[in-house]
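The values are calculated or read from the model by the stated rules, or taken from the named source; none is laboratory data. This is a predicted model, so every value here is computed, not measured. Methodologically, a virtual Cβ is constructed for each residue, glycine included, from the backbone with ideal geometry; neighbour enumeration extends over all protein chains shown. For the accessible areas, the whole protein counts, side chains as well, though only heavy atoms, and no ligand, DNA or RNA atoms are used. Shrake-Rupley method; radii C 1.70, N 1.55, O 1.52, S 1.80 Å.
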Amino acid sequence: MIPKVMPPLSGLSVLVTRPLPQATVLAQKIALLGGESVLLPAIDIKRLEIVGTSHGGSHDLVVFVSVNAVEHGARLIDANTTTLIAAIGRATAAALTAAGLPPNVVPEAGFNSEALLAHPQLKFDANSRVLIVRGRGGRELLQETFSSLGCHVETLDVYERTTPALDEQRRSEIEAVWSAHGVDIVTATSVETLDSLLALLSEQGRALLAVTPLVVASRRIMQAAIDRGLRGEILVAAGADDDSILGAISQWHSRARS
């Protein structure tokens, strides 16, 4: 008799904190792998109104720092044939390709600013023109690094992150499920997501978060979680894309079941 193979996330419940509709997509993937999701989007993404309709044509490099930057900014970019398009990670690269702007530069490993800056193709003359398409209030590392190399750097903020409103009844329902061991692991793919989640939860919820395993998308987010007093096990995924997050959770769950 052939033994029954259990889905990789069978019996596991994941608190999904991505913004909508990305949270719904991740929840669907978790269900296909046999798991369950509790949706608590901790970030809202709001498109910013941009003056002008075309950007990037006179730049040597255009950098997209996230999938949301592609969603809200790709339509504004009119790159010429010599413009390099850079994506900060695989998910951003896939979004650019789907938007008709296939990237020339994508880090082979990692998905953050440091990984992109280490790419061997990012070598420019001092007067190179760089455009960074990003969310308002994002990290300044890319801008500061390119500027220090003598590049002319512009930023194009195409969206902003806000903490969504959470109905008190919904928060109580989620925390009740959580208290009854209905949440096995929590996702956090940015420091902003983590901080918004802490702001949305009650004192009871923050106490639960402090001891619940957490899957994050970088060591920077892991350190932020530690700095904020989270004491549960922290998994660092290979990237912020769904496949990387699910891969890290699956491996962790497999070890726990063995």
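What list of ³J(HN,Hα) values in whole Hz, one per residue of region 242-249 in order, does the Karplus curve 6.51 cos²θ - 1.76 cosθ + 1.60 (θ = phi - 60°) give from phi, with Gly and Pro shown as x?
Once θ is set to phi - 60°, the couplings for region 242-249 become 4, 4, 5, 4, 5, x, 5, 5 Hz.
Give me, ordered by chain and number, the residues 5 or more places off residue 38 or on other chains with an amide H under 5 Å from its own placed amide H.
Those qualifying (amide H under 5 Å, at least 5 residues apart or on another chain) are 14, 15, 16.
What accessible area per residue, rounded to a whole number of Å², is obtained for the chain using a probe radius of 1.4 Å? Walk me through the numbers on the way to the answer.
Values: 12750 Å² over 258 residues.
Dividing the accessible area of the chain by its residue count gives 49 Å².
Which whole-Hz couplings ³J(HN,Hα) result when phi for each residue of region 69-78 is put into the Karplus expression 6.51 cos²θ - 1.76 cosθ + 1.60, θ = phi - 60°, listed in order with x for Gly and Pro?
My calculation for region 69-78 gives 5, 5, 4, 9, x, 4, 5, 8, 9, 10 Hz in order.
5 Å is the cut-off here: which amide hydrogens, built 1.01 Å from N in the peptide plane, fall below it relative to residue 159, excluding neighbours closer than 5 in sequence?
Sorted by chain and number, the residues that satisfy this are 48, 136.
Would you work out what percent of the accessible area of the chain, with all protein chains in place, is carbon or sulfur (probe 1.4 Å)?
After summing per-atom areas, the C and S share lands at 52 percent.
Would you mind giving the three semi-axes, in whole Å and largest first, of the ellipsoid equivalent to region 110-163 according to its Cα gyration tensor?
Taking √(5λ) for each Cα gyration eigenvalue gives 21, 14, 8 Å.
Using modelled amide H (1.01 Å from N, peptide plane; none on Pro or chain starts), what sits under 5 Å from the amide H of residue 132, excluding residues fewer than 5 places away?
63, 154, 155, 156
Cα gyration tensor of region 52-166, axes a ≥ b ≥ c as square roots of the eigenvalues: rounded (a/c below 1.5), prolate (a/b > b/c) or oblate?
rounded
Need one number: the % of Cα-Cα pairs in the chain sitting beyond the 22 Å mark.
57 percent
Where the only charges are on Cβ atoms (+1 Lys, Arg; -1 Asp, Glu), what is the dipole of the chain about its Cα centre, to the nearest 20 debye?
Using only the charged Cβ atoms, the result is roughly 480 debye.
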